[in-house]
Amino acid sequence: MKKFLLVMGILLLIIVVGVYTVAFTGFGNNLLKPTIEKIASQKSGQDIKLSKFDLNFGSLDVIADVNSEIKAHISGDYSLFAQSFDLTYKVDITDLKSFKIDLEEPMGLAGQIRGKTKDFSVNGVGNMLDSNVRFLADIKDFKPYNVNLDAKGLNTTKALALAKQRPYITGEIDALANIKNGVGEANITSSNLVVSKDAAKDFNITIPNDIPLKVKSDITYQNDTVKATSAINSDLLNLSTKESIYNLESKTLTTDFSVNIADLGKLEPFTKQKLSGSLDVNGATKVVENKPKFLDFTLSGLGGEIIASLKDSTLNADIKDIKLEGILGLIGQPKALNGVINGTAVVENLDDTSDIKGGAKLIISEGSVSPKELKKLANIDFPAGTKFSINSDTNIENGVVKSLSSLNSNLLNVPNVDATYDIAGKNLDAKFSAVIIDLSKLKEFTKKTLNGNLKASGDAKMSAGKFSSLNVSIDTLGGNIKASSNGSNLDATVSSLDVGDMFALIGQEALASGKAQAKINLTTIDPKNLNGTVDLSINSGVFNDKALSKMIKKDFPKGVKFDMSANAKISNSVANFSSLVNTDLANIKKFDGSYNINNGTLNADYIADIDNLRKFKFIAGRNLNGTMSLNGSIKKDPANLVATANSDLFSGKLAATINNENVIATFDKFQISELTYMLDYGKFYEGVGDLKFNYNTIKQAGDFNVDINQGHLTRSKLTDAVSLVTQRDITKQIFNDSYVKGVINQGITTFDAMMKAPKMDLNVSNGTVNSKTSAVDILVNMNVEKTDISATIKGTTKDPKVNVSSKYLEQKLDKAIGKGLDKIMGVEGGSNESSSQKIDKAIDKGLNKLLGIEEKEPTKETPASGESAENDASSNNSKEEPKSDKDLIKDSAKELLKGLF
């Protein structure tokens, strides 16, 4: 035993020596100093350094530096055993830039602290917060015994900044106190405080001007009791207490209070709602050790009165004629609902949830909905003239709350919401039902007249404060929706709902009609981490041509039918989906990809087949011919859209990229005749081309370049006329190294073309095609075997008017006429025919010889008059056979040659 005691004594001695060495020697001070700096800096959020740290067994001398702006020095003697101290302190503040305050002059405070833990005195003098502060305080048993304080002109802006707060209030406060031998008084006053309009913006509040405040509090102290009469007055409201009493010994506060708002309209900058009338709240309360013992108050205003009393754990409340719209306005909400609230409540044993009992009744009568104000709140159009009433009856027994509520209106009826809630266990069991008798009354909201009704029923449960189950069944719109959840998952089925009515029910114009079926199975319902599967199909669908025409600003065709099916697997809120859509316009055989529900990012691949491009005239603005198959990808995020389109089209390779409004496309080795046929321009050229295309859909502007390889013109009005005039078949000319390039601006294409063949050149400069009107205006300059020919093409792409001219041929014909037209053309002279008749006959005969057409025998009788001639002509024409190709060429050439004369 002695040996054990000896060992324990040695260990205790080692511990004491160790503690003394660490705490009270220079070696120990150096060990503690960095640790104290680190902890102090972390706790305060400031950079604190100890330039001196000298802690001995009976004295200390410490100098701390804060942000290189504040220096605090404390030194003196102390006794751990006597719990006494005699210390001096000094605080010097040279700057407060780290607190975002520019000091006009340094601040400082110095003084002494001496005495024992329960009985000590402290004094100080200096300049703090722009005030010449002087104070002396004697504290006995932690209570003020002698206090003398003089602190006038304390700057609230700097005080808030030191507390790391914005300067919500500016101005100065005067604080004076004079207490001797435990009896005295104190005063806190200010006449120039201002609530800053700029600082109010931090609370999303806009006020037109600063709000002046007047603060006054007169305080007396005697027998450990503080009594105060206080008031805060402003243009908005007045707060006051006639007598507040706080007992330091029992820690009990008893006070009256009064809140007066003479004009609620002055609160409009805060509520953003039109208010009127006044509001008064008067009452009293008692708080013991921070726990309320009783509260009585009366609220007068908002059209009525609320009287409430909380005493001995019993609450009594009476609500009389309070206006619902007034409450909404006061809490800053649009006054969308009107009504009168009346109610009573009596609840006992509030401090014992297992034995709480009582009841409450609440009635809202004369209720109505303000469509204009509701649109501000929820941005929906609501039917005018909607009336409603609400009744709620609640009973509480042994800590269990049973509530039965109902809502009746001319629009929606909720016959009952029957709920039971266990306060102690936090368990809820509720059942509900709702009926909309006539869906047509929702027309203001749906923008469409709906037929039928809506019936909903369900139940909800909560266990230990957590939602545990929900079951809902809704019969409407010719179908049914059933959903169930346990709080962490969701199972739902949708059967035979009309798609068009679904659009209407959510207040959107219907884009289509049809019958929708869906099955949803979500294993988690956290929007940030959704997981599960979704299957969706729409059958017998028909697109709404009027709504889609308005959306795309084109005349969408009527009666376009469609069917679709889609399924998705959702993991971590990313839906990986596949879908098929079959329509009368096109079939989307594949639309597979992923969609991030949280950030709205879409990535998808598609394959689409169009069996008849003519159906897309409503988009192109012109007839299109042929078929098309496309494949590509789509990438969409909230800021950008990038899509690609690829196709083996017209024996070539089409590759296009859409980057937001910009379209870039290349078309390699395509057959030009097939492209022009698709665009319904006809097949006027056969050859191979390479296209580069750029277009901005917003500006409706772009450019293109087509390089044309081997090819030739096909037969047309232009080639027939030129071939006849030149007596060369220009459709046999093979063009190489040619191009067409141009610009597009607001639907008008302006282009240049250059085409070269061994014996022919063709050039176009500033030709125009208007895709909106199909109008064309093109001047073609050609050289065929050294013969210059010009042709103008006007009219429309469907019915072009071609006019050909040639100065070379004009000169040649003029020379021929000079030598004798009759001789050249084989026309006998000396006749009585007019010059024009001679020319007409000469051209006729010449072309017959040129084309090898046999001349017809002239009629034996000449008509006596123009009228009879016309009758004979009409009679003969009715018996004429269809014209041959040679006759058609002859007619075109004849008109051309007559124009030259």
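The values are calculated or read from the model by the stated rules, or taken from the named source; none is laboratory data. Keep in mind that what you see is a predicted model, and the values were worked out from it rather than measured. Backbone-built Cβ (ideal geometry, glycine too); neighbour counts: all protein chains shown.
Would you point out the residue of the range 750-775, among those that are among the small types (Gly, Ala, Ser) and in contact with a helix residue (DSSP H, G or I) (Cβ under 9 Å, 6 or more places away or on another chain), that is nearest to Ile619 (Cα to Cα)?
Let us first name the residues in the range 750-775 that are among the small types (Gly, Ala, Ser), namely 753, 757, 765, 767, 771, 774-775.
If we keep only those that are in contact with a helix residue (DSSP H, G or I) (Cβ under 9 Å, 6 or more places away or on another chain) as well, we get 757, 771.
Working: Ala757: 37, Ser771: 12 Å.
It comes out as Ser771.
Would you tally the residues in the range 732-751 being within 18 Å of Val688 (Cβ to Cβ), surrounded by fewer than 17 Cβ atoms within 10 Å (Cβ to Cβ) and among the β-branched types (Val, Ile, Thr)?
Residues meeting the conditions: 1.
Quick test for you: out of Ile380, Ile327, Ile322, pick the one residue that is assigned to a strand (DSSP E or B) and β-branched (Val, Ile, Thr). Quick ask: steps written out before the conclusion?
Numbers: Ile380 fails: assigned to a strand (DSSP E or B); Ile327 fails: assigned to a strand (DSSP E or B).
Testing whether each residue is assigned to a strand (DSSP E or B) and β-branched (Val, Ile, Thr) leaves just Ile322.
Is at least one residue of the range 568-577 in a loop (DSSP other than H, G, I, E, B), touching a helix residue (DSSP H, G or I) at 6+ places or on another chain (Cβ under 8 Å) and touching a residue at least 60 places away in the same chain (Cβ under 8 Å)?
Scanning the range 568-577, I find no residue that is in a loop (DSSP other than H, G, I, E, B), touching a helix residue (DSSP H, G or I) at 6+ places or on another chain (Cβ under 8 Å) and touching a residue at least 60 places away in the same chain (Cβ under 8 Å), so the answer is no.
Between Leu213, Leu248, which is surrounded by 14 or more Cβ atoms within 10 Å (Cβ to Cβ) and in contact (Cβ under 8 Å) with a residue 60 or more places away in the chain? Spell out how you get there, then give the answer.
Values: Leu213 fails: in contact (Cβ under 8 Å) with a residue 60 or more places away in the chain.
Only one candidate qualifies: Leu248.
This table checks each residue for (1) of a type in the set (Val, Ile, Thr); (2) modelled with pLDDT under 85; (3) surrounded by 17 or more Cβ atoms within 10 Å (Cβ to Cβ).
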{"residue": "Leu377", "(1), (2), (3)": "no, yes, no"}
{"residue": "Ser392", "(1), (2), (3)": "no, no, no"}
{"residue": "Gly399", "(1), (2), (3)": "no, yes, yes"}
{"residue": "Asn410", "(1), (2), (3)": "no, no, no"}
{"residue": "Asp418", "(1), (2), (3)": "no, no, no"}
{"residue": "Phe445", "(1), (2), (3)": "no, yes, yes"}
{"residue": "Met462", "(1), (2), (3)": "no, no, yes"}
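So Gly45 clears everything in (1) modelled with pLDDT under 85; (2) surrounded by 10 or more Cβ atoms within 10 Å (Cβ to Cβ) except one condition, right? Which one?
That leaves (2) as the condition not met.
Identify all residues within the range 105-134 that are without any contact (Cβ under 8 Å) to a residue 24 or more places away in the chain and under 19 Å from Thr156 (Cβ atoms); write none if there are none.
Listed by number, the residues that qualify are Glu105, Met107, Asn127, Asn132.
Does Ile341 count as part of a strand (DSSP E or B), modelled with pLDDT of 90 or more and in contact with a Phe, Trp or Tyr (Cβ under 9 Å, 6 or more places away or on another chain)? Working first, answer last.
Details: part of a strand (DSSP E or B): yes; modelled with pLDDT of 90 or more: yes; in contact with a Phe, Trp or Tyr (Cβ under 9 Å, 6 or more places away or on another chain): no.
Spelling it out, it is not the case that Ile341 is part of a strand (DSSP E or B), modelled with pLDDT of 90 or more and in contact with a Phe, Trp or Tyr (Cβ under 9 Å, 6 or more places away or on another chain).
Hey, Asn489 hits all of (1) surrounded by 16 or more Cβ atoms within 10 Å (Cβ to Cβ); (2) out of contact with any Asp or Glu (no Cβ under 8 Å at 6 or more places or on another chain) but one; which does it fall short on?
Tallying (1) surrounded by 16 or more Cβ atoms within 10 Å (Cβ to Cβ); (2) out of contact with any Asp or Glu (no Cβ under 8 Å at 6 or more places or on another chain), Asn489 fails exactly one: (1).
Check whether at least one residue in the range 686-701 is within 26 Å of Ser805 (Cβ to Cβ) and not in a loop (DSSP other than H, G, I, E, B), and report yes or no. I'd like the intermediate steps shown before the answer.
Narrowing the range 686-701 to residues within 26 Å of Ser805 (Cβ to Cβ): none.
No, every residue in the range 686-701 fails to be within 26 Å of Ser805 (Cβ to Cβ) and not in a loop (DSSP other than H, G, I, E, B).
Hey, could you check the range 581-619 for residues that are in a helix (DSSP H, G or I) and free of Cβ contacts under 8 Å to residues at least 24 places away in the same chain and say which is nearest to the chain's Cα centre (by Cα)?
If we filter the range 581-619 for residues that are in a helix (DSSP H, G or I), which is where we start, we get 613-619.
Imposing the further condition that a residue be free of Cβ contacts under 8 Å to residues at least 24 places away in the same chain reduces the set to 614, 617.
Details: Arg614: 38, Lys617: 34 Å.
Looking at the filtered set, the residue picked out is Lys617.
So which residues in the range 761-789 are surrounded by fewer than 19 Cβ atoms within 10 Å (Cβ to Cβ) and over 21 Å from Asp737 (Cβ atoms)?
Asn766, Thr768, Asn770, Ser771, Lys772, Thr773, Ser774, Ala775, Asp777, Leu779, Thr787, Asp788
For (1) out of contact with any helix residue (DSSP H, G or I) (no Cβ under 7 Å at 6 or more places or on another chain); (2) at pLDDT 85 or above; (3) crowded, with 17+ Cβ neighbours inside 10 Å; (4) more than 19 Å from Phe556 (Cβ to Cβ), each residue gets a yes or a no:
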{"position": "Asp609", "(1), (2), (3), (4)": "yes, yes, no, yes"}
{"position": "Ala620", "(1), (2), (3), (4)": "yes, no, no, no"}
{"position": "Gly626", "(1), (2), (3), (4)": "no, no, yes, yes"}
{"position": "Lys635", "(1), (2), (3), (4)": "yes, yes, no, yes"}
{"position": "Thr644", "(1), (2), (3), (4)": "yes, yes, yes, yes"}
{"position": "Lys653", "(1), (2), (3), (4)": "yes, yes, no, yes"}
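So, of the residues in the range 548-562 that are assigned to a helix (DSSP H, G or I) and not aliphatic (A, V, I, L, M), which turns out to be nearest to the chain's Cα centre (by Cα)?
Let us first name the residues in the range 548-562 that are assigned to a helix (DSSP H, G or I), namely 548-552.
Among the residues that remain, those that are also not aliphatic (A, V, I, L, M) are: 549-550.
Details: Ser549: 25, Lys550: 22 Å.
So the residue we want is Lys550.
Taking into account only those residues within the range 48-59 that are assigned to a strand (DSSP E or B) and out of contact with any Leu (no Cβ under 8 Å at 6 or more places or on another chain), which is surrounded by the fewest Cβ atoms within 10 Å (Cβ to Cβ)? Before you say what the answer is, go through the steps one by one.
We begin by selecting, within the range 48-59, every residue assigned to a strand (DSSP E or B); these are 48-55, 59.
In the following step, the residues that additionally are out of contact with any Leu (no Cβ under 8 Å at 6 or more places or on another chain) were identified as 48-52, 59.
On the way: Ile48: 20, Lys49: 15, Leu50: 17, Ser51: 11, Lys52: 13, Ser59: 15.
Once the filter is applied, the top-ranked residue is Ser51.
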